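Working notes for the structure below.
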Amino acid sequence: MSARQGERRVANSAADLVFYTDTSETDYPIYITAQREVWLKSRPHSGEYIDERGVVKRRYDVPIVASFYVRVSKLESDGVTHPLLDVAISAVREITKGEPEVFKYALTYEAHREDQYLGEAKAFAIKVVSQKTPFSGVKGERARAWAVAFTWRRRLAAKYPMLAPYTYVSGEEGKKARAYARLIVKLPVVTRELEVLFARALGAPVAATTDEEIGELERLIAEKERELAELKAKLEELKRLRSLPGRIASLVPVGERERREKVEAGVGA
């Protein structure tokens, strides 16, 4: 389960939703409150309440703004990537002195706002997972196993601040004071469809693509296409010249050819 240590799970963006999605399970709900707090699998609720007699305990549900039912499937292909993937692999390898594993997941979110079904959208997640820390699985060394993992996280976050928001420690505990801890970098790969669906579910305005933005992109594309056409024309001309007899001489500037001819005739340098 993804969690940045010391922080509540708060989804201010679709990328946050992907980051907090538990990829170890599938077909479960994710609830988001008015404060954008994320609850996985169980409905949001406050702490236990004890009445004035100290006997009755009650739990108060927290109102839900949006809910997402997520389906998770593991990907075997390498088609999904992220701009920070190579950096994350190198960083985890450097900090942990071990070769990390990379896992990729396809996520399908079914969004609801109150009782209204809003639709579905896909996204992806890439996890770079370290080898288990030293002392993992060793009897009586639970604290040291976790301590190493958190030290890894602090070092990686300090040296690679661009990865800090995506880095956390995960693992489980066993019998006889054992623990199994790892360092994980989880990179969300968000689609435009999920961004729109997330905004609708949270009642936030969807950023529209303006006519000015479209026009600017079209202008840039046209400019690049002209530059590419010019480069192709130059390339074809060079190929043509290379295929002609005496092509080497033809590529030498006129003044340079005259100077060389004079030198060869003994006229002067």
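The values are calculated or read from the model by the stated rules, or taken from the named source; none is laboratory data. Keep in mind that what you see is a predicted model, and the values were worked out from it rather than measured. Here the Cβ is made from the backbone with ideal geometry for all residues, glycine too, and neighbour counts use every protein chain on show.
Take the conditions (1) under 30 Å from Asp27 (Cα atoms); (2) in contact (Cβ under 8 Å) with a residue 12 or more places away in the chain; Asp115 misses just one of them, which is (2). For segment 9-39, the set of residues classified as surrounded by fewer than 19 Cβ atoms within 10 Å (Cβ to Cβ) and under 14 Å from Val72 (Cα atoms) consists of Asp22, Ser24, Glu25, Thr26, Asp27, Tyr28, Pro29, listed by residue number. Beta carbons closer than 7 Å, at least 6 apart along the sequence or on distinct chains, pair a first residue in segment 228-254 that is at pLDDT 75 or above with a second that is among the aliphatic types (A, V, I, L, M) for Leu241/Leu251. Checking the stated criteria, Arg93 turns out not to satisfy the condition of being more than 23 Å from Arg178 (Cα to Cα) and touching a residue at least 60 places away in the same chain (Cβ under 8 Å). Quick test for you: out of Val80, Val70, pick the one residue that is modelled with pLDDT of 90 or more and part of a strand (DSSP E or B). None of the other options fit; the residue is Val70. The listed residues are Tyr166, Tyr160, Tyr109, Tyr180, and the only one of them that is hydroxyl-bearing (Ser, Thr, Tyr), farther than 25 Å from Glu25 by Cβ and in contact (Cβ under 8 Å) with a residue 24 or more places away in the chain turns out to be Tyr160. Of all residues in segment 125-145, those being under 28 Å from Tyr28 (Cβ atoms), out of contact with any Ser or Thr (no Cβ under 8 Å at 6 or more places or on another chain) and either surrounded by fewer than 16 Cβ atoms within 10 Å (Cβ to Cβ) or not β-branched (Val, Ile, Thr) (or both) number 2. So if I check each of Val102, Val87, which one is touching a residue at least 40 places away in the same chain (Cβ under 8 Å) and β-branched (Val, Ile, Thr)? Of Val102, Val87, the one residue that is touching a residue at least 40 places away in the same chain (Cβ under 8 Å) and β-branched (Val, Ile, Thr) is Val87.
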